Amino acid sequence: MAVSPPPAQSLPLTALRAFEAAARLGGFSAAAQELGVTPGAVSAQIKSLEDALQAQLFHRRPKQVTLTPIGARVLPEFSAAFDQLNAATRTLREEAQPCTVHIATLPAIAQFWLSPRLPALRAAMPEMVVSVTATEEPPNLKRTPYDLCLFFGGGQGEVIDQDVIFPVCAPALAEQLRTPADLQNVPCLSDAVWVQDWEYWLQAACPGETLHLRGPEYSLYSLAVEETVNGAGVLIGHQALVAPLLDSGKLVAPFAVKAELPRELRLWSLRPSGPRSPAARVARWLAENG
């Protein structure tokens, strides 16, 4: 009489994914951010996996987690497996939705650079569906469903525009500004992400001088721009983003000095694709109309 072997106990895919992300990124919080869940959920998934295995995968300390030897040994295999799984998922999505392109970009870039170009893109490619997700950091394209990334940075992708910065303000406020020293007498707005913008520009405009600037900080660059248009103060404008507002006269540049940052507005994808693929066509159009 044949005896069937006992079925292997399967492990939850979500728990395995949580383990791989936490191990690769070096912490539960970073894994939670990538997976779109809470750190507590990641911790619970990993604990359930450890209970099922009856083995510890992480050493837990008050502000740090480190892999145990068994966790370190299996991480490369799990990372490769999830890379392959996500590649297959992307291929499946491309086959199911051949004319859909997903773009991840910074919120300010989405609003001020990408959104104004989308009507012309849709007119040029009416068969294309372009989905835009605003995120503060470039996503890991191996683990997320995006086809293209559009961010300020360096080192990868196609350069769309240089990142050039300079003060901008409403026309009425510009009448109070004759020299950079006059900035000390008006509110100087800043963005929470680009907190060093003023420092970079002052180094170019007033080398060796110390100016004491004051003003509110905004968590959204778009809100800072809106407040600047409304006359609330002076903001460091990024040329690629504020050019339409300068052209319309809603904002003006009170000083001639501009500072070119060591980064560019760049567009990139995860892997090379054929020149007629939807992502390649959209990327080429954006590069030509940047």
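Coordinate-derived values only; no laboratory data. What you see is a predicted model, and the numbers here were worked out from it, not measured in a lab. As a convention, Cβ positions derive from the backbone with ideal geometry for all residues, glycine included, and neighbour counts pool all protein chains shown.
Data table
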{"read-out": "Region 161-264 shape via C-alpha gyration tensor axes, a/c threshold 1.5", "value": "rounded"}
{"read-out": "Point-to-point label distance, His212-Ala87, nm (Cα→Cβ direction, 7 Å offset)", "value": "5.9 nm"}
{"read-out": "Gaussian network model of the chain, springs between alpha carbon atoms under 10 Å - residue of Arg266, Arg276, Arg61 with greatest fluctuation", "value": "Arg61"}
{"read-out": "Size of electric dipole in the chain: Cβ of Lys, Arg +1 and of Asp, Glu -1, about Cα centre, debye, nearest 20", "value": "860 debye"}
{"read-out": "GNM top mover of Cys149, Cys99, Cys169 - the chain, alpha-carbon springs below 10 Å", "value": "Cys99"}
{"read-out": "Extended-chain gain in nm, criterion 0.36 nm per residue less alpha-carbon gap, Lys47 and Ile70", "value": "6.8 nm"}
{"read-out": "Helix-only CD estimate at 222 nm, as mean residue ellipticity for the chain, using -39500 (n - 2.57) per DSSP H run (n ≥ 4)", "value": "-12000 deg cm²/dmol"}
{"read-out": "The chain: antiparallel DSSP beta bridges as a percent of all, rounded to 5", "value": "60 percent"}
{"read-out": "Label-point gap, in nm, between Val37 and Thr100 - each point 7 angstrom along Cα→Cβ", "value": "2.3 nm"}
{"read-out": "Per principal axis, descending, Cα span of region 13-93 in whole Å", "value": "40, 25, 20"}
{"read-out": "Theoretical FRET efficiency, 1/(1+(r/R0)^6), r = Cβ-Cβ of Ser29 and Ser79, R0 25 Å, to 0.05", "value": "0.85"}
{"read-out": "Among Ala172, Ala240, Ala280: highest mean-square fluctuation, GNM of the chain, C-alpha pairs under 10 Å", "value": "Ala172"}
{"read-out": "Reachable lysines from Lys63, criterion Cα separation under 29 angstrom, eight or more residues apart if same chain", "value": "Lys47, Lys142"}
{"read-out": "Förster radius 25 Å - calculated FRET efficiency between Lys250 and Ala204, Cβ distance, rounded to 0.05", "value": "0.55"}
{"read-out": "For the chain, with +1 on Lys and Arg beta carbons and -1 on Asp and Glu, the positive-most of Gly215, Ser131, Gly249 along the dipole", "value": "Ser131"}
{"read-out": "Size of electric dipole in region 161-264: Cβ of Lys, Arg +1 and of Asp, Glu -1, about Cα centre, debye, nearest 20", "value": "220 debye"}
{"read-out": "Low-density loop positions, trypsin sites (Lys or Arg not before Pro), region 19-71 - DSSP coil, at most 15 other Cβ in 10 Å", "value": "Lys63"}
{"read-out": "Segments 52-59, 199-206 sorted - mean Cβ within 10 Å per residue, highest first", "value": "199-206, 52-59"}
